[in-house]
1. Wholly within region B:108-168, which helices (runs of 4 or more DSSP H) include no fewer than the required count, namely at least 2 residues that are farther than 18 Å from B:Gly322 by Cα, within 21 Å of the chain's Cα centre (by Cα) and in contact (Cβ under 8 Å) with a residue 24 or more places away in the chain?
2. If you take the residues of region A:173-188 that are touching a Phe, Trp or Tyr at 6+ places or on another chain (Cβ under 9 Å) and in contact (Cβ under 8 Å) with a residue 40 or more places away in the chain, which of them is surrounded by the fewest Cβ atoms within 10 Å (Cβ to Cβ)?
3. Could you check region A:80-109 and list, in sequence order, the residues that are in contact (Cβ under 8 Å) with a residue 24 or more places away in the chain, more than 7 Å from chain B (Cβ to nearest Cβ) and of a type in the set (Gly, Ala, Ser)?
4. Please work out which residue is farthest from the other protein chains (Cβ to nearest Cβ), limiting yourself to region A:158-172 and to residues that are part of a loop (DSSP other than H, G, I, E, B) and surrounded by 19 or more Cβ atoms within 10 Å (Cβ to Cβ).
5. Mind checking whether some residue in region B:67-75 is part of a loop (DSSP other than H, G, I, E, B) and modelled with pLDDT of 85 or more?
6. Output the residues belonging to region A:324-357 that are among the hydroxyl-bearing types (Ser, Thr, Tyr) and either within 32 Å of the chain's Cα centre (by Cα) or under 24 Å from A:Ser277 (Cβ atoms) (or both).
7. Among the residues of region B:184-200, how many are out of contact with any Pro (no Cβ under 9 Å at 6 or more places or on another chain), under 20 Å from B:Gly225 (Cα atoms) and either part of a helix (DSSP H, G or I) or more than 14 Å from every other protein chain (Cβ to nearest Cβ) (or both)?
Amino acid sequence: MTTIRLERITKIYRSAGADVRAVDDVSLRVESGEFFFLLGPSGCGKTTLLRVVAGLIEPTAGRLWFDDRDVTDLPIERRHTAMVFQNYALWPHMTVAKNVEFGPRMQGLPAARRREVARSHLRRVQMEDYVARKPNQLSGGQQQRVALARALAAQSDCLLLDEPLSNLDARLRLAMRDQLRQLVKQSGATAIYVTHDQKEALSMADRVAVMNVGQIVQVGRPRELYDRPATRFVADFLGEANFVDGSVGQVGELTAVQTAAGLLRSDLPGPWAVGQSVTCCVRPERIAVRAAGAGDASGLAATIESSTYLGDQLQYRCRLGDHLEWKVTVLSGQAVLPPGTRVTLSMSLHDVTLLPA
Amino acid sequence: MTQPPTTLAGLRRAALRQSIRPVPLALNGLLLALLAVMLVLPVALVIGKGFSLAGRPSLYWLGRVLSNRVLMHQVLNSVVLACLTTLACLCVSLPLALLRSRTSFRGLGVLSVLLLVPMILPPFVGALSMRKLFSQFGVVNLLLERLGVLDFSASPPPDYLGAGFAGVVALQVLHLFPILYLNASAALANVDPAYAQAARNLGAGPVRTFFGITLPLMRPGLFAGGTIVFIWSLTDVGTPLIVGYEHLTPVTIFKELARAELEGRTFSLVFLMLGGAVSLYVLGKFVFGRGLPTEAAKASVASQVRRLGPLGTLGAWVLFGGVIFLALLPHLGVVLLAVSNQWVNTVLPAGYTLEHLKFIITRQTTYHSITNSLAYAGASTALDLLIGGVAAWLIVRTRVAGRLLLDAAAMLPLAVPGLILAAGYVALTAAGPLAPYGPTRNPIPLLIVAYAVRRLPFVVRGVSAGLQQVSPSLEDAARTLGSGPVGSVLRITLPLIAANILAAGVLTFAFAVLEVSDSLILAQTRPVYPITKMIYELATSTGAPETTNQAAALGVYGMAFLAATMGLAGALLGKRLGAIFRA
């Protein structure tokens, strides 16, 4: 088990006369045995960062440490970081068995021991019956499992996974998530997983680093990131969110913010000052909606614009004031409020997150 | 409007109707019949004559060949030559292809283009200067003596050519390595870099990764190029003739075919060559050359290109430049021979003259050899474009029954060397209705057909590639707007693939001008000599000493012409040029 430390890693590509900062001054620490996720939109630099850790890309600046060893200049094959590639990269001229035996072979294990190690890892991914097949004779899900077995069989201290589920259909992806996490945790290796799928990150990770434009925006546990996003980008990227800008009117135990939709209060601490511009963020599923009654002074006044049936949920589009539109998600099964209905939206003080404007 | 079929039986009926539409079916039949007459029949005659005695099937001639120690030694010699040439080509081309694909350095673009130049310079012509350059008292040893490396008085200088075997191998390697280089480069480009990265990631060093992962995945491309190189080398007759090394089967076949009386033994020998070439082609294409099914049609990760530093760049320049220089050396020698007045025991000619170049275009026989070549090549190219263009359209655009057979037949000339085909035409015209077109009478139609058949695969491949890049929906759009089927092809498709057709035509024409095997064997009377036969006659003449210079001068005209047409083809096809030279 290895602690991985990235110190001010930067990677610059020269393209058509301009410099592109694929990774921009990233510092990060992944604890030993942790299942760490790099999450972000396409082109944010997460795969580049992963490949820097693997040694497949040389950083323009910065250092990389495994425990107390500086491995920045260490060749790929000596880093002991087994990688699962996005397209699996299973060698088409080798059988499943030979693919999985490769890592142990490079470690110098005798043939019998190699076969044993390979079979044991193939058994763990339920692929032991396919040892004699070639990769092109396997389905996508089977190839993914063999690729994982190959990486695990190398028994490295560090496991790197580059969007390993992205080529699977939605149903298989869901099925593989739990299994993948279980296998990685069982191996005990420190693992870094790259994905653009926020549901994957939220459901599998110990900790997540959200990246954007080559930089780390926020690092934290999934729940922290979802409930307490540090920026509008993180809030918007992880699930759906409603935003409204306002000005801090009161600070103290409660922070009150005057917005175009009305007064919003939050009991979450923050470095706010009276008169400061902030953005209020509320998740759609944290809002209660009820038909507006006479003398209803609490909550925000809104009008139902439309509703969308999502199977287990119902999502309302609500207009607040003249221009503001918010989404509200409720469990389906309740009576549907028709468009045009005047409603009151209410939320707990704990569910209003304040973000820098 | 008829409804589309919805049942399996309905789909089958629809497919059957597609496959038996009258016009494509008739065209397909016609082309197959033409290929049967122009290609299959001559080859069948070769086999027939080699396996018959007094009108009856017999293994007599084959037995005569197999029991003849001299002939068998020549066969072995030919195979060894081809193996050495192929292996040497691989050793030269693989490092160059690796450097080209995996590194970048100043001048790489220019060097990559220059590397292909030897492909257009026929070794048959380069052979003219081999003795002048590499014999015991040739230019190379004279230069080394001037530089103080050798001392003629102390010991006799080395004869690099030996009995000529080394010279033939060297010339063939220097001409053919670009084919393997192109195939190796394409093969490397087709191997997803992720495979090598995965191996490195799991602990394999760069050398182990190359031999264990990359090289096996390059196998189809290497075999495709290697097959062409091997077959070419095995059946090359021009180079050994000019170098003067005659202990090879193609040379024996050439000499025996030139005799008035043809023996079945000759055709048995031809059959052995044919059997070897076809077996290798089949093995190369369908066994060793079969592509491994890979998951991704394109690379999943970007290829990591390493920028070389000053020392690395110097090393790369030395490697590229050295190979290019060696490859061009024989042809530089030919140019010097063509313009030299006096060149004996000196590094460079003592005097220069344009008389030899003038002689070629002022003397009737040599001038006519140039016009003959241009005429034959022009006619054969027209035939190729017609047959090859229609074949490509049938193969790519239609579902006509028998199109796969047409595809295979059109590619068959790749497996049948020119020597074999020429022998077949000799057999075809030995007697019967085609006798007036024999080599000693009027072989012009035969020469045109032989040139056309040899180059047909290049045209089919070139035009097919163009058609595959043009979506059929473009023709369909024209049809929905009132254009008929022929009009749609002429107005829409043809302009879009004009560059492919032109490039294929230019290439075909260029190689036909300097065609060797067919020309040497089929053109037996001087009025019909093409360039290559005239070069052979001048080079092997025992008359005036300047005949070698005249042969070189004629070679210079040929090379200049070939260079111009290849340049045009390269400009039209660009990077796709390499795809032409695959089995």
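The values are calculated or read from the model by the stated rules, or taken from the named source; none is laboratory data. Note that the coordinates shown come from a computational prediction; the quantities given were computed from them, not determined experimentally. Reconstructed Cβ throughout: ideal geometry from the backbone, glycine too, with neighbour counts over all protein chains shown.
1. Values: elements: B:108-114, B:117-120, B:123-126, B:130-134, B:139-146.
Output list reads B:123-126.
2. Applying the filter and picking the extreme gives A:Lys185.
3. If the condition is that a residue be in contact (Cβ under 8 Å) with a residue 24 or more places away in the chain, more than 7 Å from chain B (Cβ to nearest Cβ) and of a type in the set (Gly, Ala, Ser), then A:Ala97 is the only one that fits.
4. My answer is A:Leu165.
5. Looking for residues that are part of a loop (DSSP other than H, G, I, E, B) and modelled with pLDDT of 85 or more, one finds at least one in region B:67-75, hence yes.
6. Here is the first cut: in region A:324-357, the ones among the hydroxyl-bearing types (Ser, Thr, Tyr) are A:329, A:332, A:341, A:344, A:346, A:348, A:353.
Those that are among the hydroxyl-bearing types (Ser, Thr, Tyr) and either within 32 Å of the chain's Cα centre (by Cα) or under 24 Å from A:Ser277 (Cβ atoms) (or both): A:Thr329, A:Ser332, A:Ser346, A:Ser348, A:Thr353.
7. Residues meeting the conditions: 5.
Matching residues to (1) away from every other protein chain (no Cβ under 14 Å); (2) part of a helix (DSSP H, G or I); (3) touching a Leu at 6+ places or on another chain (Cβ under 7 Å); (4) more than 29 Å from B:Ala551 (Cβ to Cβ):
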position: B:Phe210; (1), (2), (3), (4): no, yes, no, yes
position: B:Leu217; (1), (2), (3), (4): no, yes, yes, yes
position: B:Gly225; (1), (2), (3), (4): yes, yes, yes, yes
position: B:Leu241; (1), (2), (3), (4): yes, yes, no, no
position: B:His247; (1), (2), (3), (4): yes, no, no, no
position: B:Phe254; (1), (2), (3), (4): yes, yes, yes, no
position: B:Leu269; (1), (2), (3), (4): yes, yes, yes, no
